[in-house]
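Presented below is the structure to which this report refers.
Please treat every number below as a calculation from the coordinates, not as lab data. Computed from a prediction, not measured in an experiment: that's the story for all the values here. Reconstructed Cβ throughout: ideal geometry from the backbone, glycine too, with neighbour counts over all protein chains shown.
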Amino acid sequence: MCDFKNHLFHTPVLVDKVIELLITNKSGIYFDGTIGGGGHSKEILKNFKDKGKLIGIDIDSGAVNFAKNNLKSFKNKTIIKKGNYANILEILKKEKIKKIDGILLDLGISSYQIDNPERGFSYFVDSPLDMRMDNDLRKNASDIINNYSKTELIKIFKKYGEERYSRIISDYIVKKREKKVIKTSFELRHLIESIIPGKNKIKSVSRIFQALRIEVNKELENLENFLKNFVEALKSGGRIIIISYHSLEDRLVKKYFRQFEKGCICPPDIPICVCGKGEILKIISKKPILPSKDEIKLNPRARSAKLRAAEKI
Ligand SMILES: C[S@@+](CC[C@H](N)C(=O)[O-])C[C@H]1O[C@@H](n2cnc3c(N)ncnc32)[C@H](O)[C@@H]1O
């Protein structure tokens, strides 16, 4: 078994692009809302001049401890804490910071989380069905599988997994759990594989695991709450970079960036603007930026990454 204390925590994705697009002031204040092992943060810190501050947040206390250790040589320039990036405004207020120069969100899960057999994220290792990034959450994946109604299961599998066999799978889960509680990743994987026709069973397994992870960790709610508020935190000229790993996240990011770029929210049939909302954001990446083939070869987990960047006007 892998020793997770010494495990390479996570290989950061699109690092050069992140640095190029994020840093506009080498003595500025930056917020890494998903610090993970501190891979991106370390590169940001290396780019600082004598001044500069980085606030690093992660919902996973294991990540926070790892990042603190990884970035200990930058101790006087960092504040690293457990927290939810959705609470960006409260976090900055607590640190008495008014406006910042840049924000990075690198969504999804880290290699440390997915490879750790105790966490239950992977369907390639048999482990308890947990999937909580934040150990303080009360509900884990097993609680959802064993207690949600059939209708609720169908809803989350459809909405967060975009799984066409959601109904059949939910039906079977409900039947199976009446006889025996579904406790492990392999129990769930085998159950799905036994009911799905055809060759692409593993795709359904992957979609159901994705849906569960999103539901357990309230990933889309957190992202949407963040997107509603982050512009407040940025200085004029400050930048936001978001790297997402599936279309549900990317769609939300695109929607909010476009809305802030457009500004006015008046109905199109009103001749004069009455909402008074001006443009707040300028989108820098008209199309999402993707990792190169070389990067994907070195780090296959980068393959689904999409980076979007914008600047506060
Ligand atoms: C892909 S990893 C980030 C890796 C990081 N960029 C690095 O270079 O090591 C995503 C991280 O986001 C964290 N995370 C997920 N949802 C979060 C939330 N709502 N608030 C704070 N951190 C969150 C996860 O625990 C995980 O450590």
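Output the 0 to 90 degree angle, nearest 10, between the alpha-carbon long axis of helix 61-70 and the longest principal axis computed from the alpha carbons of the chain. For 61-70 against the chain, the angle is about 50 degrees. Computed extension length for residue 262-residue 190: 21.2 nm, one decimal, from 0.36 nm per residue of separation with the Cα-Cα distance subtracted.
Basic side chains Lys and Arg get +1 at the Cβ, acidic Asp and Glu get -1 at the Cβ, and with that the dipole of segment 116-217 about its Cα centre reaches some 420 debye. Amide H to amide H, with H built 1.01 Å from N, residue 234 comes under 5 Å of 100, counting only residues 5 or more places away or on other chains.
The lysines within cross-link reach of residue 180, meaning a Cα-to-Cα straight distance under 22 Å and a gap of 8 or more places when in the same chain, are 139, 150.
Overall shape: rounded for segment 116-217, with the ratio a/c of the largest to smallest alpha carbon gyration tensor axis below 1.5. Hey, which of these cross-link pairs are over 28 Å Cα-Cα: 93/282; 49/297; 42/277; 93/155; 201/287? Pairs exceeding 28 Å: 49/297; 42/277; 93/155; 201/287. Quote the charge dipole size of segment 168-220 about the Cα centre in Debye, to the nearest 20; the model charges only the Cβ of Lys and Arg (+1) and of Asp and Glu (-1). Computed charge dipole of segment 168-220: roughly 140 debye.
Where in segment 250-293 does the label zone of residue 20 land, with the point 7 angstrom along Cα→C-beta and an amide N cut-off under 19 Å? Output list for this probe position: 283-293.
Couplings for segment 275-281, taken from phi via the Karplus curve 6.51 cos²θ - 1.76 cosθ + 1.60 with θ = phi - 60°, read 6, x, 7, x, 5, 10, 9 Hz in order; Gly and Pro are left as x. With Cα atoms defining each centre, segment 29-108 and segment 252-313 are spaced 23 Å apart in the structure.
Between the helical axis of 201-217 and the longest alpha-carbon principal axis of the chain there is an angle of about 60 degrees.
Along the axis of the charge dipole computed for the chain (Cβ charges of +1 for Lys and Arg, -1 for Asp and Glu, origin at the Cα centre), the listed residues 236, 296, 56 are led at the positive end by 236. Label separation (residue 65 vs residue 224): 3.4 nm, computed from points 7 Å beyond Cα along the C-beta direction. The GluC sites (Glu not before Pro) of segment 220-313 that meet both conditions, a loop assignment by DSSP and at most 16 other Cβ atoms within 10 Å of the site Cβ, are 279. Per-residue ellipticity at 222 nm computed for the chain from its helices equals -13000 deg cm²/dmol, with DSSP H segments shorter than 4 residues left out and the rest contributing -39,500 (n - 2.57). Under a Gaussian network description of the chain, with springs only between Cα atoms under 10 Å, the residue in 208, 88, 284 that fluctuates furthest is 284. Which FRET efficiency value, to the nearest 0.05, is calculated for residue 72 and residue 181 with the Förster distance at 45 angstrom and r the Cβ-Cβ distance? Efficiency at R0 = 45 Å is approximately 0.55.
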